[in-house]
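Have a look at the structure below, then the notes.
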There are 2 protein chains.
Amino acid sequence: MSNIIKIAIIGLGQVGNYLYRELNLQRRNIEIKTAKKIKIIAISAKNKTKKRKYHINKKIFYKDPIKIIKELKPDILFEVVGLSDGISKKVVETALKNKINVITPNKALIAKHGDYLAKLAEKNRVNLEFEASVAGGIPILRTIKEGLATNKISKVYGILNGTTNYILSEMENSNETFDKVLQKAQKLGYAEPGNPKLDLNGFDAFAKIRILSALSFNTKISKSKCIMEGIENIKLEDIKIANQLGLRVKLLGISEIINGQLFETVHPCLVSKKTYIGNVNGVMNAVITEGKPVGESVLQGEGAGPGPTSSSLLSDLLSILRGNTKYPFGISSNKRRSIKPLSNDKYTNSLYLRFEVKDKQGVLSSITNRLAKYKISVKRIIQTPDKKNKKATIVIITHKTTEINSRNCLSVFKKNKNILKFPVLIRLYN
Amino acid sequence: MSNIIKIAIIGLGQVGNYLYRELNLQRRNIEIKTAKKIKIIAISAKNKTKKRKYHINKKIFYKDPIKIIKELKPDILFEVVGLSDGISKKVVETALKNKINVITPNKALIAKHGDYLAKLAEKNRVNLEFEASVAGGIPILRTIKEGLATNKISKVYGILNGTTNYILSEMENSNETFDKVLQKAQKLGYAEPGNPKLDLNGFDAFAKIRILSALSFNTKISKSKCIMEGIENIKLEDIKIANQLGLRVKLLGISEIINGQLFETVHPCLVSKKTYIGNVNGVMNAVITEGKPVGESVLQGEGAGPGPTSSSLLSDLLSILRGNTKYPFGISSNKRRSIKPLSNDKYTNSLYLRFEVKDKQGVLSSITNRLAKYKISVKRIIQTPDKKNKKATIVIITHKTTEINSRNCLSVFKKNKNILKFPVLIRLYN
């Protein structure tokens, strides 16, 4: 790289547009820290004339990002389009092949094609950096790759999606339904106005867990089918009951090595209000690693929004400007091993079960008998009658049982006429 | 550096001895991550034959560390003696002058001579790394230097001493006095058996704050006289009263830019039990940074003990092995500016005041009159009589006032015969 570093930005949505401004604002600061001058030589997006928050220089706008790569040959390219395939993949792939360093916050792309792209980067001796793909402004990937480099990490988990954490916190605080709070989140810009699905169904958090696993355990990105549940089915009622029990609902991403096998999951958890993770509220993200010899480490920070994301994108930029070519996943691709996944069936938790039943004699005992048959022992039962509607709500907290056992046990209730809805199941965090 | 990296360890106390073992255990892992082989070629300590937890190879033991530097020319030297001057300074100085990379967890040395030593390292184009000097296993320095590199940090604060945090937590949990809990901490190996003073009086946390300031604000290490108070005067009684008020005593280190001036301090604070920092208990450390655009970031982890310290020492080693020569303080020494300190007198807080007084008429009003004279308004008063001993305890929570004002106001009570002890003062954290 010469002394003036040529930069291209592909994608000018909320993040790309903010990044464009931030790079211009920070030019002098970056020069002080790295003794390198940067210059944005090209930008590209679907729409040139769309109204954007920060003014862009249309003279350096190109319709075709591939042309930027091949003809203008930037030193560093930011991919901020955000697709798992399509133009995102093509841009990153082409850039790496042309020996251009790539920085991206695109978790969907890295979770799906990270192994392939990392190899490509290593082969071409350039950097592929993706700090911003996990937990916004929290430098968690760098911490695992560098700060905790020689630790043996056995578990990494946390709150990885700010939107869902905001929704759950706000439902508890304001006593409003999921739909109402989702609208609020969209107004505040936390949730995508068009399609919040990937946040709500756990997909976003799950992509992050895949990346965290690969870095923490020095493994290839797993492709196995895992338990992935979002918060779409969490009702205000469950949040209220949890509250009474001293619990709080959190969407957790969890990755763990159990008996040498990898277990990854994302699902809502009931956590004690007295725990650390039970007190990470609002748009905050938190990642907890357990390793030896370091013990438990916690990183917490704002997980979403262009500010935090841009902070991480710039930390990647500085890392490259300081002249370090690094393995994208901390170690050489051919040293990263594949790992066998743990069967989902073996996953073990205490369960929160909420049944809505007809207020008839014998219903409770039909439930408890069924649980007993599957050796699921009951820790607590709370029955609340609703005389007016001849209904009752039965909440059961069980002792620990496996996924397969609970699935087999509960399946029968689908056909039970006295049970008005298939029971709500929320796992308790151990 | 050739392919086999020669390493020397100076100091074989708890940390040095653990590090020695860890380096041997991690050899293969380090080779995988960096493609470099390491070899410990020399060790040195005051006492060769002292009983140590992990066996050392006496064949590579040298009485004189300077001889190791000059004759054996290691590539990397670990200084783990821990003095602010003396042999620690001499070893680091000599190593840097001889173009040897230095890694140290020595906060006293860096807080006192860090500017000079950083310059020396830069002049000789070697690394001086000290990640382990602040907050044990938490990679906070790397996070500030790299992860948050382009953020404008305005404040950094936290719980920086595991020993004192353990003592305060344990006093609350066990209802035991300071002296009893200190003994327990010493038995558990948290507090130095011989001289725990530097932990208890705030000196240790203060050295860390000096280092954090320099990194966060890109300034020279400040030499100004600051408010530094430890926990030696915290009584079980204060912890109990705080508890009733929903508060908890924490020893906080705080560094902040206020109107372009630097304010650094370490003192016990009363924090709400509902806050994050109020729930960091036991030997845990936590560091919170406030920056733009990233917002608030939190790092929490085990702050003491050879395991966490060694984790950070090895992260420094890997950083060097990966071939990055870096500015010790993130930017070039000649770009780090001096900064004017904010006068301690202007520091503003709400106060917790506990008076022990004779149970006589007019005592309370003499106190409140005095406060009123200095325009210190009272938020809350709790008076508890002790009829048997003809005493009373008066606890007052005030609204905010400046240091100078409270000092002037309270000084009079030194001479008041009705006031049995000079009042205990604990500042409330804002």
Going by the conditions given, is A:Ile87 of a type in the set (A, V, I, L, M) and within 19 Å of A:Leu23 (Cβ to Cβ)?
no
If I filter the range B:262-285 down to residues being within 11 Å of chain A (Cβ to nearest Cβ) and part of a helix (DSSP H, G or I), which single residue comes out as farthest from B:Tyr352 (Cα to Cα)?
B:Asn279
Quick check: is even one residue across the range B:282-289 more than 28 Å from B:Arg27 (Cα to Cα), crowded, with 17+ Cβ neighbours inside 10 Å and small (Gly, Ala, Ser)?
yes
Members of the range A:40-88 found to be in a loop (DSSP other than H, G, I, E, B), surrounded by 12 or more Cβ atoms within 10 Å (Cβ to Cβ) and not basic (Lys, Arg), listed by number
A:Ala45, A:Tyr54, A:Ile56, A:Tyr62, A:Pro74, A:Asp75, A:Val80, A:Val81, A:Gly82, A:Leu83, A:Ser84
Pick out the one residue from B:Lys414, B:Lys390 that is exposed (fewer than 12 other Cβ atoms within 10 Å of the Cβ) and at negative phi.
B:Lys414
Can you name every residue in the range B:163-204 that is in contact with an Asp or Glu (Cβ under 8 Å, 6 or more places away or on another chain) and within 30 Å of B:Lys152 (Cα to Cα)?
B:Gly202
Can you tell me which residues in the range A:309-333 are farther than 20 Å from B:Lys326 by Cβ and either within 7 Å of another protein chain (Cβ to nearest Cβ) or of a type in the set (Ser, Thr, Tyr) (or both)?
A:Thr309, A:Ser310, A:Ile331, A:Ser332, A:Ser333
Checking B:Lys155 against (1) away from every other protein chain (no Cβ under 12 Å); (2) assigned to a helix (DSSP H, G or I), which single condition isn't satisfied?
(2)
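Condition check ((1) without any contact (Cβ under 8 Å) to a residue 40 or more places away in the chain; (2) among the polar types (S, T, N, Q)) across all residues:
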| residue | (1), (2) |
| --- | --- |
| B:Ile258 | no, no |
| B:Phe263 | no, no |
| B:Lys274 | yes, no |
| B:Ala286 | no, no |
| B:Thr289 | no, yes |
| B:Lys292 | no, no |
| B:Val298 | yes, no |
Subset of the range A:110-140, residues more than 30 Å from B:Lys152 (Cβ to Cβ) and not basic (Lys, Arg), comes to A:Ala111, A:His113, A:Gly114, A:Asp115, A:Tyr116, A:Leu117, A:Ala118, A:Leu120, A:Ala121, A:Glu122, A:Asn124
Look through the range B:8-39, keep the residues that are away from chain A (no Cβ under 14 Å) and buried (at least 21 other Cβ atoms within 10 Å of the Cβ), and return whichever of them is nearest to A:Lys152 (Cα to Cα).
B:Gly16
What is the residue count in the range A:210-251 for residues that are within 20 Å of A:Val287 (Cα to Cα), assigned to a loop (DSSP other than H, G, I, E, B) and among the β-branched types (Val, Ile, Thr)?
2
Considering only residues that are surrounded by fewer than 17 Cβ atoms within 10 Å (Cβ to Cβ) and in contact with a strand residue (DSSP E or B) (Cβ under 6 Å, 6 or more places away or on another chain), which ones fall in the range A:323-336?
none
By residue number, the members of the range A:286-304 that are closer than 12 Å to B:Leu299 by Cα, more than 7 Å from every other protein chain (Cβ to nearest Cβ) and of a type in the set (Gly, Ala, Ser) are A:Ala286
Within the range A:94-130, the residues that are assigned to a helix (DSSP H, G or I), touching a strand residue (DSSP E or B) at 6+ places or on another chain (Cβ under 8 Å) and assigned by TED's automatic domain parsing to the domain that holds A:Ile76 are A:Ala95, A:Leu96
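The values are calculated or read from the model by the stated rules, or taken from the named source; none is laboratory data. Here the structure is a predicted model, which means the values were calculated and not measured. Positions of Cβ are backbone-derived with ideal geometry, glycine not excepted, and every protein chain shown enters the neighbour counts.
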